[in-house]
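Chemist: Here it is: the structure, laid out below.
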Amino acid sequence: MATIFPSWLGGYELNKKVTNPNIIVGDFTYYSGYYHDKHFEDHCVRYLMGDHSTKAVWESGIFGEVDKLIIGKFCSIASGAIFMLAGNQGHRHDWISSYPFEVSEFGDKVKAGFARAGDTVIGNDVWIGSECVIMPGVHIGDGSVIGARAVVTKDVPPYSIVVGNPGRVVKSRFNGSEVAKLMEMKWWDWPLSMLKANMDVMCSNDVEAMYQRYLSSSEAN
Ligand SMILES: CC(C)(COP(=O)(O)OP(=O)(O)OC[C@H]1O[C@@H](n2cnc3c(N)ncnc32)[C@H](O)[C@@H]1OP(=O)(O)O)[C@@H](O)C(=O)NCCC(=O)NCCS
């Protein structure tokens, strides 16, 4: 029986729970993990220094800067999604061996194998489907949707829908001029009072109506 998430209807806001300083999350982004019954940091974020199992070694500073996981506001993350931060884990497949040799056993000529892949950056209003895998260093644009079990290996433009393995863009949520308007409005940065006042159009597909509201509020200010 699940103990962390009482039902698949619920979840928690990540920035109220996350403890790893290398995970940065915007307001309202949540994880709903009923089917995997583990916390976001224990199931979804893989091989990222600074979690409870590596806190001491991370705080010692011997690893220097590591890749970060940066997630915007208003993202929905479904059960079992995986963010692979493998650039931090130290296997070098460009060296003679990908084996992570230890100084204690193989001597002081061993070199540290950690190589950064770059921060993984998820935009705002991204819906991450169940059990998908986001590979190291990928950037996912605002408004995108990642289908269930997709494996995302490349950057994703804003408002794309991505499915499959390797992940491919199958369509856009809106047409080009609508995407441009959404990117200009950046509703996720609006004050809560303005969002509340516009919830009727937010809960519709009428980008033009939303844009007109945005223009009139910009004129008013
Ligand atoms: C990505 C998703 C949103 C697309 O939904 P949609 O816009 O209705 O898209 P469609 O069903 O029209 O599918 C478009 C194409 O992608 C394919 N496709 C859709 N979802 C897919 C998936 N998860 N994996 C592989 N292919 C997928 C469809 O077969 C279709 O292919 P075709 O054009 O060759 O026929 C949806 O399929 C999905 O995966 N949602 C996530 C569900 C989830 O994880 N929920 C968790 C709880 S919040």
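Chemist: For the structure I just gave you, tell me whether residue 146 is assigned by TED's automatic domain parsing to the domain that holds residue 40, more than 23 Å from residue 49 (Cβ to Cβ) and either more than 16 Å from the ligand (Cβ to nearest atom) or touching a strand residue (DSSP E or B) at 6+ places or on another chain (Cβ under 7 Å) (or both). Before you say what the answer is, go through the steps one by one.
Modeler: Details: assigned by TED's automatic domain parsing to the domain that holds residue 40: yes; more than 23 Å from residue 49 (Cβ to Cβ): yes; either more than 16 Å from the ligand (Cβ to nearest atom) or touching a strand residue (DSSP E or B) at 6+ places or on another chain (Cβ under 7 Å) (or both): yes.
Against the criterion (assigned by TED's automatic domain parsing to the domain that holds residue 40, more than 23 Å from residue 49 (Cβ to Cβ) and either more than 16 Å from the ligand (Cβ to nearest atom) or touching a strand residue (DSSP E or B) at 6+ places or on another chain (Cβ under 7 Å) (or both)), residue 146 qualifies.
Chemist: State which residue is nearest to residue 205 (Cα to Cα) when the search covers only region 104-143 and only residues that are more than 13 Å from the ligand (Cβ to nearest atom) and in contact with a Leu (Cβ under 7 Å, 6 or more places away or on another chain).
Modeler: 120
Chemist: Something else about it: State which residue pairs qualify: first residue touching a residue at least 12 places away in the same chain (Cβ under 8 Å) and inside region 175-203, second residue in a helix (DSSP H, G or I) in any location, beta carbons under 6 Å apart, and separation of 6 or more residues or different chains.
Modeler: Between residues of region 175-203 that are touching a residue at least 12 places away in the same chain (Cβ under 8 Å) and residues that are in a helix (DSSP H, G or I), the close pairs are 178/207; 181/207; 181/211; 185/214; 198/213; 201/209; 201/210.
Chemist: Check whether at least one residue in region 64-76 is within 19 Å of residue 5 (Cα to Cα), touching a strand residue (DSSP E or B) at 6+ places or on another chain (Cβ under 8 Å) and hydroxyl-bearing (Ser, Thr, Tyr), and report yes or no.
Modeler: The first filter runs over region 64-76 and keeps only residues within 19 Å of residue 5 (Cα to Cα), leaving 75-76.
The next check asks that each one be touching a strand residue (DSSP E or B) at 6+ places or on another chain (Cβ under 8 Å); those that pass are 75-76.
Okay, now just the ones that are also hydroxyl-bearing (Ser, Thr, Tyr), so 76.
Within region 64-76, one or more residues are within 19 Å of residue 5 (Cα to Cα), touching a strand residue (DSSP E or B) at 6+ places or on another chain (Cβ under 8 Å) and hydroxyl-bearing (Ser, Thr, Tyr).
Chemist: Residues in region 125-137 that are under 10 Å from the mean Cα position of the chain (by Cα) and either surrounded by fewer than 21 Cβ atoms within 10 Å (Cβ to Cβ) or aromatic (Phe, Trp, Tyr) (or both): how many?
Modeler: In the first step, residues of region 125-137 are kept if they are under 10 Å from the mean Cα position of the chain (by Cα); the result is 126-128, 134.
Filter once more, so that each one left must be either surrounded by fewer than 21 Cβ atoms within 10 Å (Cβ to Cβ) or aromatic (Phe, Trp, Tyr) (or both): 127.
The total comes to 1.
Chemist: Among the numbered criteria (1) at pLDDT 95 or above; (2) among the β-branched types (Val, Ile, Thr); (3) surrounded by fewer than 16 Cβ atoms within 10 Å (Cβ to Cβ), which one does residue 103 miss?
Modeler: (1)
Chemist: Do any helices (runs of 4 or more DSSP H) entirely within region 1-115 hold 1 or more residues that are farther than 24 Å from residue 137 by Cβ, and if so, which? Spell out how you get there, then give the answer.
Modeler: Values: elements: 40-43, 55-59, 103-106.
Per the criteria, 55-59, 103-106.
The values are calculated or read from the model by the stated rules, or taken from the named source; none is laboratory data. Every value quoted in this text rests on a predicted model; they were computed, and no experiment measured them. Please note: Cβ atoms are built from the backbone with ideal geometry, for glycine as well, and neighbour counts cover all protein chains shown.
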